[in-house]
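Structure first, commentary second.
Here, each number is a calculation from the coordinates, and none is a lab measurement. Source: prediction; values computed, not measured. Reconstructed Cβ throughout: ideal geometry from the backbone, glycine too, with neighbour counts over all protein chains shown.
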Amino acid sequence: MDYVAARTRAKAAEDALNLQDPVSLESTHRHLEKLRNRKILIQPMDGPITDKVCGLWFGLDHMDLILHARAVSEVHRQQIVLHEFAHMILRHKQETLTPDFARKFFPDLDPNRVVKALKRTDFMDELEVTAELLADRLASRIRLSQERSGGQPENFGSVFG
């Protein structure tokens, strides 16, 4: 694992994203929807599908879906979502799911519809590390934007005092 290369890729991906300040989870979400030209729905997982999964990114035929584990804090939830956003930004390839696997998450979905997901078995592989490094960079941008605005979302403090 080449951490210097992973850091370099994460920084280059963040720079290429051209996020405008102030940065928030919501503004990043909207920006990615525009770049990808498709809706991105973010939802908590209803039940404990597995104890090893914090977040999942599904590419449905008409939209992207991010499912996240119920987090203990908003910061933790944000990090999970940012990690899945990072996979999108880094253009990590999704795999076509078998109908049986897709049925675990989408029991009412027609099995003939194609569902893709990013599945990982090793959390220390280069894709995962790079995605987490990019998620950390995005989280840092969000924190800096909040500090500049006095902790108010979308720069509310600097506009209204």
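FRET efficiency for the LEU109 to GLN20 pair, using the beta carbon distance and R₀ = 41 Å, is estimated at 0.70.
What do you get for the angle between helix 3-17 and the principal long axis of the chain? Use alpha-carbon atoms, 0 to 90 degrees, nearest ten. So the inclination is approximately 70 degrees.
Loop-located trypsin sites (Lys or Arg not before Pro) across the range 59-128 with a Cβ neighbour count of 14 or fewer within 10 Å are ARG70, ARG91, LYS93, ARG113, LYS119, with loop assigned by DSSP. Residues whose amide H falls under 5 Å from that of LEU41, counting only those 5 or more places apart or on a different chain, are ASP64, LEU65, ILE66, with hydrogens built in the peptide plane. Each peptide in 130-139, 26-35, 57-66 gets a packing score, the mean of other Cβ atoms within 10 Å over its residues, and the list from highest to lowest is 130-139, 57-66, 26-35. Each 10 Å bin from zero up to the one holding the largest Cα-Cα distance in the chain carries the following percent of pairs: 10, 37, 35, 15, 3, 0. Based on DSSP H segments of at least four residues, each scored -39500 (n - 2.57), the chain has a per-residue ellipticity at 222 nm of -15500 deg cm²/dmol.
Treating each Cα of the range 32-116 as an identical point scatterer and summing with the Debye formula, the log10 of I(q)/I(0) at q = 0.19, 0.25 Å⁻¹ comes to -0.91, -1.41.
Straight-line cross-link reach from LYS34 at under 20 Å between alpha-carbon atoms covers these aspartates and glutamates, not counting any fewer than eight positions away in the same chain: GLU14, ASP15, ASP21, GLU26, ASP61, ASP64, GLU84, GLU154. Extending 7 Å from the Cα toward the beta-carbon at both ARG30 and GLN43 defines two label points whose distance is 2.4 nm.
Placing a label point 7 Å from the Cα of HIS92 along the Cα-to-Cβ direction, the residues of the range 124-146 whose backbone N falls under 16 Å of that point are 124-139.
Per-residue 3J(HN,Hα) values for the range 88-97, derived from phi via the Karplus relation 6.51 cos²θ - 1.76 cosθ + 1.60 with θ = phi - 60°, read 5, 4, 7, 6, 5, 6, 8, 10, 6, 8 Hz in sequence order (x marks Gly and Pro).
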